[in-house]
Amino acid sequence: MTTLLSFQDLRKEYFGVPAVRDLTLDIRAGDVVGVIGENGAGKSTLMNMVGGVVQPTDGEMRWQGEPYRPRSPGDATARGIAFIHQELNLFTNLTIAENIFVDQFPSRFGMIDRPAMRQRTADLLQQLALDVSPDTDVDSLAPGERQLVEIAKALHRDAELIIFDEPTTSLTPRETARLFETIERLKADGKTILYISHILGDVKRLSDAIVVLRDGELVEQGAAADFDVPAMITAMIGRALGGLYPERTSEPRDDVLFSARGLTQPGILEDVSFDIRAGEILGLFGLMGSGRSEMARIVFGLDPLERGTLALQGRPLTGGVRQRIASGLAFVTEDRRAEGLLMDAAIADNLSLVAIEEFGRTPLAFLDKTRLARRTGQMQADMLIKAGDIRTQPARALSGGNQQKVVIGKWLMRHPALFILDEPTRGVDVGAKFEIYALADRLAAAGSGVLFISSELEELTGMCDRIMVMNRGEVMGGFDRAAFSDRDILAMAFGKRVPADEVAA
Amino acid sequence: PASAATICFAFQDLETEFWVAGHTAITRTLEEAGHTVIERNANEDANRQLEQVRDCIAQGVDGIIIIPQDGESAVTIVNEAQDNDVPIAVFNRPPSDLSKGIVVVADNASIASQAVDFLAKEAIASRDGDGKLTPMIIVGDLGDPNAVGRKDGFYAALENYPDDFNTPIEVASDWDAATALANLEAAVTANPDIDLLFTSSDFLFPTIRSVFEPRGMWAKRGEEGHVVMGGLDGDATACQLLKDGYIDSTGVQDLYFEAEAALSAILAAIEAGEAQPNEVIEDPGFALTSANLAEREMDMWGCVLLSEGFLDQ
Amino acid sequence: MTDSGPRATVSGRDEFPAAPSVRQRAMRLFLSDYFVLYLSLAYFLVLVPFLPTLSNPANLANILSNMWPLLVVAVGQTFVLTIAGIDLSQGSVVGFTSVIGAMLLATSASPDVLSNAPIWGLIIDEAGGPLANVPGGVLVAIVAMVAAGAMIGAANGLAIAHFRMPPFMVTLVTMIVISAFAIFLTQSENIRNLPESYIQLGKGDIVSVYFGEQAESRIPRRQIHSFITYPMLIAVSVAILAHVLLNSTVFGRQVFAIGTNRRAAEISGIPVRRVIVLVFTISAICATIGALLYSTRLEAGRPTLGDGNFLLDVIGATVIGGTSLFGGKGKIIWTVFGVFFFVLLSNTLNLMNLSSFHIDMVKGAVIVAAALLDVLRTRLIRGEAS
Amino acid sequence: MNGSARDRATAVLARHGTLLLFLLIIFVFGTQVPAFIGPENLGNIIKQASFIGIAAVGMVFVLLTAGIDLSVGSVMYLGPLIAGFAMRDYGVGVAGGLVVAVAAGAVMGSINAFLIVVLKVVPFIVTLSTLFFFRGFGAYLTSSRQFDFPEEIRTFGLSSVLGVPTPILFFAVVALGAHVVLSRTAFGRQVYAIGNDEAAAAKAGIRVGRVKAGVYVTCSSLAALAGFVLIAQIGRLDTGFGEGREFDVIAAAVLGGASLFGGVGTAFSAVIGATMIQAVKIGLVFTGINLYLQPMLQGLIIFAAVFLDSLRASRLEMLRRRFIRPR
Ligand SMILES: Nc1ncnc2c1ncn2[C@@H]1O[C@H](COP(=O)(O)OP(=O)(O)OP(=O)(O)O)[C@@H](O)[C@H]1O
Ligand SMILES: Nc1ncnc2c1ncn2[C@@H]1O[C@H](COP(=O)(O)OP(=O)(O)OP(=O)(O)O)[C@@H](O)[C@H]1O
Ligand SMILES: [Mg+2]
Ligand SMILES: [Mg+2]
């Protein structure tokens, strides 16, 4: 087979710090190439250079043998390269069809040819089994659906090379399966695919070849058949990882830390009750859109609650977000970019955001800047946040995993009693995942409670003391650690009720 | 003059014919006499004017002529100049304290009332039937004391005929043609039967014409539909309209007299080395009307400009 | 963020293997926070040979004295822009509070002028305002002005924070209503006859200098130059206070957080509404202090004080200093320099003796030129970095 | 099902709140002075709204990209002025004058666009400086004197076609044209995309610079057109014409629902906003309320509109939420 794309000593530096170092690599036409590496290894940066989003500092790329120097994403598109970015790149004020055609509308007499556009979009959506009208505003789509629109956009281009940068982070299992079928089909059509993911099992399953990056360098490459997951991990982090999950170091205590009773919000939640004990990690599983995040937001005081009561450490939880934070609640949202971080502010400012009032006696008092610097520096060390100077580097310039660590870190500054983690490991590398798990364990050991929301059943069974399952806004039941069974849990998530006596207290 | 002087000319604005004509008269006269003129336009901002006068003083000018934004800031500015031993003359808008500086006064209210008085008489004379007449006034920017003075003059004149006029209809213009157009059109739609119109400034006559013409209200004296109409300023357009018979009177400040008086007084003071000259020069003003047009035409600056071909540009 | 700035090529770097330290230092100057200050100074130095008056002490004193009131108002605007708001009502607050102060303090008033005004007989009459000759009256009046200003600001903030109304519209309405109300209160008139102690706040010298011969028996007033004045003290204190508030307090951090991402700030427990209300209140209070300085130096309470292009000067000076209209980026020193630039610009335009038919063109061109240099600087920073 | 009936009522209110308020305003003034709702006056309202309205349509383009154009007031002055010179000195006639005005506007827009897109100066500063520059250029051309147009321009300005006054006609054509451009052309949709996320637009391969340039050219062209159409009714251009209008124009667009932060708004936002403000102003003239009180009332009514709109927005947000189970 011929080489479609090759890199020769390709290098990219940000502020003098290399993100990709002198990388030399050939991509063969027709392959599915899995690209893996820790957070910040340079995967997205490499792809951004291919996609014309950033320009290399040095070195060169060749496309079908010709020198290739894209100055803009348009150049890449023109050559037949499609790019599904890690962070979604959709325009929420436009419709699905418009998003797909946004750089090149079909036109008739200068007007957009809407019927043609609609027809083509409907076809694409059907291929992806996304059952919505092409005229739906992207604004009203769920995250998973948005991801599929991005993919539809790439399909539409009929590109030679399609780059998927972590496409499955917000897909349901069914949507994921659909995506994999699509990739198989593209491959059968002779397309070349670069597939980046932290879900190593997926990478192994899909790829013909695997490329491993570490600190911007190519550390290993080879046929997918030559890799198994532990080998991939070793290549990525430079050492073997003892296991995917840390040992739990403590048992839940007997005292109930948090209790929810009869939470009801018409159209969203129906009679949801559960307890979390001190030192307990309670997993919350459900399919996308089952209402897990909605419940978390209600508990945190972000959304209204019509009926039901909440209590933390025996005291009722009332009031708004501020009051709940003061009572000991913490909430890592699933939408890092829009709700978790001040993207353009320095990392240290993000870290100190929640606890900022502790650094001045009153709002108008002087900030204790030395203590602030010490505490944020300490937090960077504790959380192993890979960054330059945290006082100047903006959160935007961090890799996804490190951004997530910043979000968690800012809450830790206040020693919360109940920690709600909504999809905390989404887009996070294995090493960092391990750290987040270990952190959940440490919190529990220290007597806090953790509500761990995830769509990855594996991590819940790996880490939790108990798993509760939601479906369509209701709690369907729960499982104690001893009774964990993937099959039963999934069945429940799809709506099978379990007799009440089997549900753990 | 024996020696050439540097004169700072600080005016508040250049937006209507009146101010442009005054500006031209003063700068040209000074330059022709060999003096240096330093111009400052405050764009209707009293604070900026104060800053500009201070800058002039710092520059070391020999004398200052200002057209102040209003009477109150004029007092402050006059003091500022006199404290720094620079002679100053105030042109056209009187300071609220007349005791300091060379002051050329024109009384907006009284000139307006002269012009409106003529209009009132005309309207009463041409009244058919004996119902009360409806007067209308286009008011200027309420933040501008000149506008308020003219409005006061209008009311003062009508007070003399309590039995002949209804409560006047006020139309806001903000000294802006587009606003005046919209508001006047609405006001005329709401009150189609007006008998007398007074505009606080002549520059609005073209706007009035646009509203009146389609309604058949733009007619010459004696023709069907003529509305008794007048304004204030005495500009070239008003002169033309007066001659053509579309309007009946306009209040006139004797611009050239004022400029002449201010100039000669300030130059005399500089010559004499007087740093704090104080003098009040009154411009009585008058109303140029259809009745006295023939004899007083050339006392009105607008007619002089008109005869020089101003409107042909 | 896309990396669109020009990158220094490798060969380009090699041409200056060890850049001379002078050049580096010049570069650092050019790239620092003080850029607009350097820009203004450079502008000053370029013009001095052509406009000798520019550097004369009287003119320098003028430049300074023109800076203070504008600075105070712009400091308030800086807070608002930093939370991604905008305050169009500052000008009307200036006019309104200047009337409040004057009607309380005037030592006498003329019925010819004010008898039509609704405040006549109610608050002010021939004998002046209620605080006319009361000891400590000036202080009470200032408190009243600040209270009035603060109320307007808080009302803006409440509407914006609690009902999520757009700041542009809310403050535009406030501008229309408050300025109309001020004009209504005096029926377009200005209130004069302010007490001397009040006027001192806007004009009074503390230290003056004289550069002439020592032997002169009578020193002409125009050769005595104000050096340290009350407005300077007031404005500098306000600026320092604001700087500390924005940079070194919890409140300041909260302001930046809201301006960067309101949603994330809310979820992180920042009291977003309270901070927004406070910020608009601060803005209005700054406008009130501006009113104090402006109206005392004009020696009258004027309902139209902050009219016209005033607002453009305030926002323009703040933005040219470097504060972003989109929030999250603002510094008080930037504003100080921005205001200095604007005042210097207007002063030099005065001294150039341009005809009034040319002045606006030159003004527009200079503003664009300054902004262009700023863009160049930003590009260089990026170039240096990559 | 009492709840859902109420929900439906709020839904209607939420979706059409601005329009309902508008009708309410008309109704209230109408009961005060019946002539207010006469066809002549309703026509006048739209005719007078066309001035700010046409420029506001252009402003919507700019606001959609999260830009701002403060120079419109000066463009309203300079555009017609240049057209006036062309008409007087080169005898290009009214139609020619109209073309010249719009072309002059386009040139001014290109100057803004060049500074913003190529030299990358922020729109606020660029248009602040061109605000001074364009007006200054006009003052230079005229020495601050008023400019009298040839007589025939008024025949055009006061004319009507099939009983519809020409200004309304222009307003309608501009609004419809802008609506078509914004909703049916690639350019229009890309304007929305840029306002939503400029960085993403660049990544998606949109030629961001070109689109933004187009937006500023459109805005200035329409501002010049607005000025020309108004001046055509008066026949004379005063030096202060258009001064301070930038705020009116932006306010009209924002009141109609355009956001200063980009991505939100339609051509009809400008129409509704401009007409509503004009209706209030004229209503106050009709009721003959004391001139000192008029601006205050006007402000309060606009406040009410903005307030209702914010309630509407939050209601809409509630209604737009997806529910995961039947209620
Ligand atoms: N715009 C930027 N400015 C500065 N540094 C950046 C920028 N973008 C990325 N980096 C840095 O480059 C390095 C590589 O980042 P990149 O996003 O390529 O990692 P990644 O492999 O995609 O990680 P992840 O799996 O978390 O997405 C990181 O250290 C990151 O901090
Ligand atoms: N796949 C989907 N289909 C339909 N609606 C969805 C889907 N995903 C999310 N939503 C909707 O989007 C919003 C966010 O969903 P929410 O986060 O509450 O669900 P979740 O159970 O937490 O799932 P997720 O894993 O997406 O967070 C809700 O209004 C939900 O109804
Ligand atoms: Mg990445
Ligand atoms: Mg969720």
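Just checking the listed ones, D:217, D:28, D:75: in the Gaussian network model of chain D with Cα springs under 10 Å, the one fluctuating most is D:28. Per residue of peptide D:29-42, the mean number of Cβ atoms on other chains within 10 Å of the residue Cβ is 1. Per residue of peptide D:287-295, the mean number of Cβ atoms on other chains within 10 Å of the residue Cβ is 6. Where a Cα-Cα gap under 18 Å defines reach, which aspartates and glutamates qualify for residue A:369, not counting those fewer than 8 residues away within the same chain? In chain and number order, the partners are A:349, A:357, A:358, A:389. Scaling against 2.2 N^0.38 Å puts the C-alpha radius of gyration of the protein assembly as shown at 1.01.
Sorting B:164, A:26 from the fewest to the most surrounding beta carbons within 10 angstrom yields A:26, B:164. Applying a length cut-off of 30 Å (Cα extent along the axis) and a mean Kyte-Doolittle floor of -1.0 to the DSSP H helices of chain D leaves D:39-64, D:208-234, D:267-287, D:294-320.
Under 5 Å between amide hydrogens, built in the peptide plane, is the criterion, and for residue A:68 it picks out A:61, A:62, A:63 among residues at least 5 positions away or on other chains. If only the Cβ of Lys and Arg carry +1 and only the Cβ of Asp and Glu carry -1, the dipole of the range A:256-496 around its Cα centre is close to 740 debye.
In summary, the convex hull built on the alpha carbon positions of the range A:1-129 has an orientation-averaged projected area of 10.5 nm². Using a Gaussian network model of chain D in which every pair of alpha carbons under 10 angstrom is joined by a spring, one finds that among D:223, D:139, D:274 the greatest mean-square fluctuation is at D:139. Could you tally the net charge around residue B:122, taking each other residue with its Cβ under 9 Å from the Cβ of residue B:122, Lys/Arg +1 and Asp/Glu -1? Result for the local shell: +1. Given in Å, the Rg to one decimal and the Dmax to the nearest whole number for the Cα atoms of chain A are 23.6, 73.
Among C:289, C:252, A:409, flag the residue with its Cα farthest along the positive direction of the charge dipole of the protein assembly as shown, charges on Cβ as +1 for Lys/Arg and -1 for Asp/Glu. Looking along the dipole axis, the top candidate is A:409.
Projecting each Cα onto the charge dipole of the protein assembly as shown (Lys/Arg +1, Asp/Glu -1 at the beta carbon, about the Cα centre), which of A:196, D:78, B:82 comes out farthest on the positive side? With unit charges placed on the Cβ atoms, the residue in question is A:196. The string of couplings for the range A:5-21 from the Karplus curve (6.51, -1.76, 1.60, θ = phi - 60°) is 9, 9, 10, 10, 6, 6, 9, 9, 10, 10, 6, x, 9, x, 9, 10, 10 Hz, one whole number per residue in order, with x for Gly and Pro.
Shown in residue order for the range C:156-165 are the 3J(HN,Hα) couplings computed by the Karplus curve 6.51 cos²θ - 1.76 cosθ + 1.60 at θ = phi - 60°: 3, x, 4, 4, 6, 6, 8, 10, 6, 7 Hz (x for Gly and Pro). Here the sum of -39500 (n - 2.57) over DSSP H runs of 4 or more residues, divided by the residues of chain C, equals -21500 deg cm²/dmol at 222 nm, to the nearest 500.
Relative to the dominant Cα principal axis of chain B, helix B:71-83 is inclined by about 10°. Cross-link check: pairs D:120/D:212; C:363/D:120; A:43/A:410; A:187/D:203; A:12/A:43; A:12/A:405 evaluated at a Cα-Cα cut-off of 18 Å; pairs beyond the cut-off: C:363/D:120; A:43/A:410; A:187/D:203; A:12/A:405. Computed 3J(HN,Hα) for the range A:243-255, one whole-Hz value per residue from the Karplus formula 6.51 cos²θ - 1.76 cosθ + 1.60 where θ = phi - 60°, is x, 7, 10, x, 5, 6, 9, 8, 9, x, 8, 8, 6, glycine and proline marked x. Which FRET efficiency, nearest 0.05, do residue A:249 and residue A:415 yield, Cβ-Cβ r, R0 25 Å? Efficiency computed from Cβ-Cβ geometry: 0.85. Here the Gaussian network model covers chain C, with springs between Cα atoms less than 10 Å apart; of C:207, C:72, C:94, C:207 fluctuates the most.
Near residue D:185, the amide H atoms lying under 5 Å from its own belong to A:112; only residues 5 or more places off or on other chains count, and H is placed 1.01 Å from N. Taking the Cα centre of the protein assembly as shown as origin and assigning +1 to Lys and Arg Cβ atoms and -1 to Asp and Glu Cβ atoms, the resulting dipole is close to 5700 debye. Average projection, convex hull of the Cα set of chain D: 20.0 square nanometres.
In the range A:256-496, taking the dipole from charged Cβ atoms about the Cα centre, the farthest positive-side position among A:320, A:478, A:291 is held by A:320.
Under the combined filter of DSSP loop state and at most 16 neighbouring Cβ atoms within 10 Å, the range A:280-382 retains these trypsin sites (Lys or Arg not before Pro): A:361. Between residue B:152 and residue D:287, the modelled labels are 2.9 nm apart [label points 7 Å from Cα along Cα→Cβ]. Remark: chain C carries a charge dipole of roughly 1180 debye about the Cα centre, counting +1 on each Lys and Arg Cβ and -1 on each Asp and Glu Cβ.
Going by neighbour counts of Cβ atoms within 10 Å, the residues C:358, A:198, C:225 line up, fewest first, as C:358, C:225, A:198. Checking Cβ-Cβ separations below 4.7 Å across the protein assembly as shown identifies A:464, C:286, D:219 as cysteines lacking any candidate disulfide partner. Whole-percent P(r), the range A:256-496, all Cα pairs, 5 Å bins from 0: 1, 6, 14, 18, 19, 17, 12, 7, 4, 1, 0, 0.
Fewest neighbouring Cβ atoms within 10 Å first, the residues A:14, C:34, D:192 line up as C:34, A:14, D:192. The amide H of residue A:284, built 1.01 Å from its N in the peptide plane, has A:452, A:453, A:454, A:468 as neighbours under 5 Å, considering only residues 5 or more places off or on other chains.
Note down the net charge around residue D:43, summing +1 for each Lys or Arg and -1 for each Asp or Glu among other residues with Cβ under 15 Å from its Cβ. So the surrounding residues net to 0. The angle between the Cα long axis of helix A:173-188 and the longest principal axis of the Cα atoms of chain A comes to about 10 degrees, rounded to the nearest 10. Once both axes come from the Cα atoms, what is the angle between helix C:35-47 and the longest principal axis of chain C, in degrees from 0 to 90, rounded to 10? Compared with the principal axis, the helix lies near 80 degrees. Here residue B:151 is the anchor, and the lysines within straight C-alpha reach of less than 29 Å, apart from those fewer than 8 places off in the same chain, are B:100, B:121, B:132, B:220, B:243, D:47, D:281.
None of the figures in this text is laboratory data; all of them are computed from the coordinates on show. Note that the structure is a prediction, hence the values are computed from the model and not measured. Heads up, the Cβs are rebuilt from the backbone with ideal geometry, glycines too, and the neighbour counts pull from every protein chain shown.
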